[in-house]
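Q: Got a structure here, written out as structure tokens. Questions coming.
The values are calculated or read from the model by the stated rules, or taken from the named source; none is laboratory data. Bear in mind the structure is a predicted one, so any value in this text is a computation, not a measurement. Here Cβ is always computed from backbone atoms with ideal geometry, including for glycine, and neighbour counts include all displayed protein chains.
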Amino acid sequence: MDSTKATIQIDRRDSYALVTLRQSALTAAMLDELLSAFSELQNDASVRVVLLTGTGSFFATNPELKDLSPEQARTFSLKGQTLTRLLETLGKPVIAAINGLASSGGCDLALACAWRIAAPNAAFSYPEISSGFLPAFGGAVRLAKIIGKARALELLLTGKSLFADDALNFGLVNRTVSLPEDLLPNCKTLAQRISRNAPVAIKYAIETVNFAAEASLEDGLRFESSLFGLCFATEDVAEGTNAFLEKRQPVFKGR
């Protein structure tokens, strides 16, 4: 079922959902709506992949920030970090379809997604330092992990924009598309391909990669083995094996 809220729109299509940001500033109201929407999508077994995009800009700077007290700023930051952690740990991949400026909180959200696919007009930036503050929702931390310390500091300390081709070279995005109109069709094709696979195995793969990013090799290997074993408690393993032997497309139930 599709739904439209004040700041976002949710369209469910087959086995994926498209979440569209309907304004370019990440306000407290939008944070609340996104937290509610993604919590709902997390618990919706019919949705196996989520696409996140914007109308025009993916996100721009929030004009409300200039009026915050230190405690209000910290509360705002923690709520945004809750959202970005939810995107990372949703149990199903979130694909960011970036079709314009992904600045500040928008860049934070994009970095928390499993994939980032950029149109040729996409640009990424953290201009906060010119206003006297830092990224709010974990952007500095994730930026360092994704593109490395030196490149992260280059973007954070200069506030410069990184355009689509350079973002691809930096490893900030997974891929780019040639034309803006190719962005959503490309992302939808990817979502449909992923959604054909076993939901439990997808969830465990995301958990393993997230764990491995913070763990030693030995701990990561043990974690992977544990989840590998848990896969064999699911009906999907039998379905996948039978489909392979019968030379047909598997029909996974996510259990």
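Q: Taking the stated definitions as given, is Arg85 farther than 24 Å from Thr189 by Cα, modelled with pLDDT of 95 or more and not β-branched (Val, Ile, Thr)?
A: It is true that Arg85 is farther than 24 Å from Thr189 by Cα, modelled with pLDDT of 95 or more and not β-branched (Val, Ile, Thr).
Q: Still on this model: Does region 160-171 contain at least one residue that is under 24 Å from Leu41 (Cβ atoms), crowded, with 16+ Cβ neighbours inside 10 Å and either aromatic (Phe, Trp, Tyr) or not assigned by TED's automatic domain parsing to the domain that holds Asp108 (or both)?
A: Checking region 160-171: not a single residue is under 24 Å from Leu41 (Cβ atoms), crowded, with 16+ Cβ neighbours inside 10 Å and either aromatic (Phe, Trp, Tyr) or not assigned by TED's automatic domain parsing to the domain that holds Asp108 (or both).
Q: Is it true that Pro93 is surrounded by fewer than 21 Cβ atoms within 10 Å (Cβ to Cβ) and either within 24 Å of Ala122 (Cβ to Cβ) or not polar (S, T, N, Q) (or both)?
A: For Pro93, the condition - surrounded by fewer than 21 Cβ atoms within 10 Å (Cβ to Cβ) and either within 24 Å of Ala122 (Cβ to Cβ) or not polar (S, T, N, Q) (or both) - is not met.
Q: Every residue in region 215-242 that is surrounded by 14 or more Cβ atoms within 10 Å (Cβ to Cβ) and in contact with a Lys or Arg (Cβ under 8 Å, 6 or more places away or on another chain), please.
A: Thr234, Asp236, Glu239
Q: What pairs come up if the first residue lies in region 212-232 and is in contact (Cβ under 8 Å) with a residue 24 or more places away in the chain, the second is surrounded by 12 or more Cβ atoms within 10 Å (Cβ to Cβ), and their beta carbons are under 7 Å apart, counting only those six or more places apart or on different chains?
A: Qualifying pairs under 7 Å: Ala213/Lys145; Leu230/Tyr204; Cys231/Val200; Cys231/Ala201; Cys231/Tyr204; Cys231/Val237.
Q: In region 146-179, what residues are part of a loop (DSSP other than H, G, I, E, B) and of a type in the set (Lys, Arg)?
A: Taking region 146-179 as the starting set, the residues that turn out to be part of a loop (DSSP other than H, G, I, E, B) are 148, 159-161, 171-174, 177-179.
Lys160 - this is the single residue of region 146-179 that is part of a loop (DSSP other than H, G, I, E, B) and of a type in the set (Lys, Arg).
Q: Anything in region 130-145 that is touching a helix residue (DSSP H, G or I) at 6+ places or on another chain (Cβ under 7 Å), assigned to a loop (DSSP other than H, G, I, E, B) and either outside the structural domain of Leu78 (by TED's automatic domain parsing) or surrounded by fewer than 16 Cβ atoms within 10 Å (Cβ to Cβ) (or both)? List them, or say none.
A: Leu134
Q: Looking only at region 73-124, count how many residues are over 16 Å from the mean Cα position of the chain (by Cα), assigned to a loop (DSSP other than H, G, I, E, B) and among the hydroxyl-bearing types (Ser, Thr, Tyr).
A: Of the residues in region 73-124, 0 are over 16 Å from the mean Cα position of the chain (by Cα), assigned to a loop (DSSP other than H, G, I, E, B) and among the hydroxyl-bearing types (Ser, Thr, Tyr).
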